[in-house]
Amino acid sequence: MKKIRKVMTRKNGFILAFLLPGILLFGIIYAYPLVNIFMTSFCKWNYKNFLKPEFLGWGHLFDNYIKLFTADRNFQMALVNSLKWVALTMLVQIPFTLLVALILAKKPLGWKFTRNAFIIPNIISTAAIGLIFLNLYSPSRGIVTEICNWIRPGSDISVLANETYAFWGVTFSFILFGGSSCLLLLTQIFSIDTSLLEAARVDGASAGQIDRKIILPLLRPMLGTVSVMAANYGLLLYNEIALITGGGPDNATYSLSYYVYKTALGSTKLNFARGNTAGVIQFLLGLLLVGMINRAFRTDYVD
């Protein structure tokens, strides 16, 4: 008995020794900054007191949050835009990616080439994608501008100079690029027991019926996973905005991530407290979205 206890103690010691570096890194790089962001959201902290954040006091504890929702137009615009992008990823990107995966799973002619081509935008960095679309939307030589002027001669439409067009210009720079999600869905489809599909075909089920009654129900957990990934991307959108529009025109394409950067580091006032407050709201929104998506897709439920 003593020998067993000694072996278990040694085993636990090895486990702790291997886990300790990871735990320390997590605490230093992730947990401490997260706690710091929460704490400083209740402080006054800008260029005037750069080295010493000042607690707002219990009577004014939520002043930063109140100002964001009542007096900061840029934050309100960023919040609405981010929620729109989350909704669009769920309503456009996920169904489109699912449709592509279902078609490719049937292995039509050229399906491997199509699969590889579909993943290319996800291999290229978002910075490069942003620069590509910046050139596509260029008012002087962009192909999108030329097409718009060809459809409506003399209109001189500039995608990035119009508030409405600029939002959709940013949206189309990422909304159809679901290559990573498509690969995950394809992997899940190919892992389905082929005997189930063969039995359905023998019983006279059509391809559409097999997709609806067999494949889609079995894809539910993976659909939940890729939905979380897509919604998270929409909520954290930054690179495309920074490279394509810079938040303009008239701050109409701000996202929460871009707002945090511009408020905390992108201006001379360096309002760290308000930037961190927006970061807290973004973090809580992320948790809420993950919870809602997991509940909707019942990802923890096993059929």
_Every residue in the stretch 194-246 that is touching a residue at least 12 places away in the same chain (Cβ under 8 Å) and among the charged types (D, E, K, R), please._
211, 213, 220, 240
*With the checklist (1) under 26 Å from residue 77 (Cα atoms); (2) outside any loop (DSSP other than H, G, I, E, B); (3) touching an Asp or Glu at 6+ places or on another chain (Cβ under 6 Å) in hand, flag the one item residue 173 doesn't pass.*
(2)
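Only one of these is at pLDDT 90 or above, of a type outside the set (Asp, Glu) and closer than 30 Å to residue 102 by Cβ: 276, 232, 271. Name it.
Working: 276 fails: closer than 30 Å to residue 102 by Cβ; 271 fails: closer than 30 Å to residue 102 by Cβ.
Only one candidate passes the filter, namely 232.
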*Considering the stretch 145-162 alone, what residues qualify as being assigned to a helix (DSSP H, G or I) and free of Cβ contacts under 8 Å to residues at least 24 places away in the same chain?*
145, 146, 147, 148, 149, 150, 151, 159
*Take residue 84 and decide whether it is modelled with pLDDT of 95 or more and under 30 Å from residue 187 (Cα atoms).*
yes
_Selected residue (only one of 140, 158, 125 is of a type in the set (S, T, N, Q) and within 15 Å of residue 246 (Cβ to Cβ))_ = 158
*Looking at 113, 96, which one is more than 29 Å from residue 279 (Cα to Cα), modelled with pLDDT of 95 or more and not in a loop (DSSP other than H, G, I, E, B)?*
96
*Looking at (1) closer than 30 Å to residue 274 by Cα; (2) outside any loop (DSSP other than H, G, I, E, B), which is the one condition that is false for residue 52?*
(2)
_Extreme residue, nearest to the chain's Cα centre (by Cα), among residues of the stretch 108-121 that are surrounded by 11 or more Cβ atoms within 10 Å (Cβ to Cβ) and either aliphatic (A, V, I, L, M) or closer than 19 Å to residue 190 by Cβ (or both)_ = 119
*How many of the residues making up the stretch 55-88 are farther than 18 Å from residue 280 by Cα, surrounded by 13 or more Cβ atoms within 10 Å (Cβ to Cβ) and more than 31 Å from the chain's Cα centre (by Cα)?*
0
*Condition test on residue 254, is it surrounded by 20 or more Cβ atoms within 10 Å (Cβ to Cβ), touching a Ser or Thr at 6+ places or on another chain (Cβ under 9 Å) and not polar (S, T, N, Q)?*
yes
*Among the helices (runs of 4 or more DSSP H) confined wholly to the stretch 206-303, which include 1 or more residues that are within 30 Å of residue 132 (Cα to Cα)?*
216-235, 239-244, 256-264, 272-297
*asked:* If residue 233 meets every condition in (1) closer than 20 Å to residue 182 by Cβ; (2) over 14 Å from the mean Cα position of the chain (by Cα); (3) of a type outside the set (A, V, I, L, M) apart from one, which number is that one?
replied: (2)
*Within the stretch 115-144, count every residue that is farther than 23 Å from residue 239 by Cα and in contact (Cβ under 8 Å) with a residue 12 or more places away in the chain.*
1
_Taking the criterion of being in a loop (DSSP other than H, G, I, E, B) and free of Cβ contacts under 8 Å to residues at least 24 places away in the same chain, would at least one residue in the stretch 78-88 satisfy it?_
no
_Suppose we filter the stretch 89-107 for residues that are within 30 Å of residue 201 (Cα to Cα), loosely packed, with under 13 Cβ neighbours inside 10 Å and within 17 Å of the chain's Cα centre (by Cα); how many remain?_
1
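The values are calculated or read from the model by the stated rules, or taken from the named source; none is laboratory data. Owing to the predicted nature of the structure, the values given are computational and were not obtained by experimental measurement. Cβ coordinates were reconstructed from backbone atoms using ideal geometry, including for glycine residues, and neighbour counts include every protein chain displayed.
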